[in-house]
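Structure record follows, encoded as structure tokens.
Each value in this text was obtained by applying a stated rule to the coordinates, not by laboratory testing. Everything quoted here is computed from the prediction, not taken from an experiment. All Cβ positions, even for glycine, are placed from backbone atoms using ideal geometry, and neighbour counts span all protein chains on display.
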Amino acid sequence: MTKIIAITNQKGGVGKTTTTINLAASFHALKRRVLLIDFDPQGNATTGSGVNKEKIIASIADVLINQEPIDKIIIKTNAGYDLLPANSTLTAAELQLLKLEKREYCLRDALRLIQNNYDFIFIDCPPALNILTVNALVAANSVLIPMQCEYYSLEGLAALLKTIEQLQHSVNPQLQIEGLLRTMFDGRNRLTQEVSEQLLQHFPNQVYQTVIPRNVRLAEAPSHGLPALLYDDSSPGAIAYLTLAGEISKQNTVGAS
């Protein structure tokens, strides 16, 4: 069964796109069939996958608004996974979505054509709880929440969890929390340690054991259009995401048995 995971946090700069790209690459390295959906008008997941967002002929916006067949828009990346790209045209598409009936279901309905072609589909959401994010959460089986161990992150997490609960009751009762991922982690920082301990205390079964460290090579990789695994596979960031992929894979194998 295809696992569709929305990667979201309304707070920007928490490593959301970095997580999406590197998980896609890591699962491809584990021989899984992977699709990455760039669902952010900034198009950073597209660029970070080595695709020029300004030169793409069609994007996810054409799927949502013009009902273009989704399989005609998908691009194969040099990293091995498939990509449904995005650019600034998604901003106009977002405004048009608001005028449609059943606008929350557009992505879910489009994915039905191709989702069985993949083992994992990762959706990189915009850093806002808007109609695009709602579409992603309606289409997804689960939500992966990257977050820095900072005080304001806890407030943002509470708001996001409330939104997820509302969607569970209204449009997607199957939606689950896939996990909470601690990113840009520096164990030497006292506040980082304190927030991490609070997360483990309040969400003991949902915080991943794997943490993503602050890592220069991980930060450099997107400017080269590569996931860390292809940019420097020996870097701590690349190893951490490969470890996380293994943890998620094991989690889903156990859950399916």
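Numbers at a glance
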| item | result |
| --- | --- |
| Among (1) of a type outside the set (Gly, Ala, Ser); (2) outside any helix (DSSP H, G or I); (3) farther than 10 Å from residue 85 by Cα - the single one residue 51 does not satisfy | (3) |
| Members of region 90-128 found to be of a type outside the set (Lys, Arg), free of Cβ contacts under 8 Å to residues at least 40 places away in the same chain and in a helix (DSSP H, G or I), listed by number | 92, 93, 95, 96, 97, 109 |
| Candidate set from region 60-92 (those that are among the small types (Gly, Ala, Ser) and either within 22 Å of residue 119 (Cα to Cα) or surrounded by 22 or more Cβ atoms within 10 Å (Cβ to Cβ) (or both)); member that is nearest to the chain's Cα centre (by Cα) | 86 |
| Those helices (runs of 4 or more DSSP H) lying entirely in region 146-257 with at least 1 residues among the hydroxyl-bearing types (Ser, Thr, Tyr) and in contact (Cβ under 8 Å) with a residue 40 or more places away in the chain | 151-170, 190-202, 236-256 |
| Residue match in region 129-145 (condition: within 27 Å of residue 13 (Cα to Cα), without any contact (Cβ under 8 Å) to a residue 40 or more places away in the chain and over 17 Å from the mean Cα position of the chain (by Cα)) | no |
| Meets criteria (touching a Gly at 6+ places or on another chain (Cβ under 8 Å) and more than 21 Å from residue 222 (Cβ to Cβ)) for residue 30 | yes |
| Selection from region 209-238 of residues that are within 26 Å of residue 157 (Cβ to Cβ) and surrounded by fewer than 19 Cβ atoms within 10 Å (Cβ to Cβ) | 209, 213, 214, 219, 236 |
| Residue that is nearest to residue 12 (Cα to Cα) [pool: residues in region 61-81 that are in contact with a helix residue (DSSP H, G or I) (Cβ under 7 Å, 6 or more places away or on another chain) and without any contact (Cβ under 8 Å) to a residue 40 or more places away in the chain] | 61 |
| Count - residues of region 15-59 that are among the aliphatic types (A, V, I, L, M), closer than 21 Å to residue 127 by Cα and either in contact with a helix residue (DSSP H, G or I) (Cβ under 7 Å, 6 or more places away or on another chain) or surrounded by 24 or more Cβ atoms within 10 Å (Cβ to Cβ) (or both) | 6 |
